[in-house]
Amino acid sequence: MNGSIICGVDDSESAKGAARVARALSRELGLRVVFVRAVDDRADEKEVTTIAERLQRLTARANSADCGAAWSVELGHPADALVSAAKRAGAAMIVVGSTGPRSSLLGSVSADVSRRAPCPVVVVPPEAAGGVAGGRRNGDTPELAGGIARFGLGLPGAER
């Protein structure tokens, strides 16, 4: 499979859950993760530098089990930034957290990204954000989680 995993991050707990899920998928699928942080167009240089340093630390945590990680600070609305980053990277998927109810009527970032993305979108709900560790959630084995991801993406090995 080509492409990378675009993961939207900010300072929220749901973004931390999304980052954990993205890293687990990275290991399972052999894809690099690109952590993307959107910053308001009017942000000053100090704020952008602080965010870039945080992303650098997050990327540095990627270990040898991961398939590599990179980061990007994008100016503009989060949904626009994630969709643009995915298009530029030819992304295999986008992983985002969700802080509210699962309803496209609310116009949330995750719903907006899901509607406009050029690739599949994995939305990590709030209740899963703290329960994902090493690719496992609700008792799922890594093999099951990887099989589900492979099936959803139509990858070889989906029949596991």
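The values are calculated or read from the model by the stated rules, or taken from the named source; none is laboratory data. On a predicted model such as this, the values are computed, not experimentally measured, just so you know. Note: ideal-geometry Cβ built from the backbone for every residue, glycine included; neighbour counts use all protein chains shown. Surface accessibility is based on the protein's heavy atoms, side chains included, excluding ligands, DNA and RNA. Shrake-Rupley method; radii C 1.70, N 1.55, O 1.52, S 1.80 Å.
Overview of values
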item	result
Test: residue in region 67-84 that is assigned to a loop (DSSP other than H, G, I, E, B), modelled with pLDDT under 85 and not aromatic (Phe, Trp, Tyr)	yes
Leading residue by the ranking (modelled with the lowest pLDDT) among those in region 108-134 that are touching a Lys or Arg at 6+ places or on another chain (Cβ under 7 Å) and open to solvent by less than 20 Å² (accessible area, probe 1.4 Å)	VAL132
Residue check for ALA62: outside any strand (DSSP E or B) and at pLDDT below 90	yes
Boolean, ALA91 is modelled with pLDDT of 90 or more and either more than 15 Å from the chain's Cα centre (by Cα) or in a loop (DSSP other than H, G, I, E, B) (or both)	yes
Of all residues in region 1-27 being part of a loop (DSSP other than H, G, I, E, B) and open to solvent by less than 50 Å² (accessible area, probe 1.4 Å), the one that is farthest from ALA86 (Cα to Cα)	SER12
Pairs, first closer than 14 Å to ALA70 by Cβ and open to solvent by less than 60 Å² (accessible area, probe 1.4 Å) in region 28-56, second assigned to a helix (DSSP H, G or I) and of a type in the set (S, T, N, Q), C-beta under 6 Å, six or more apart	VAL33/SER26
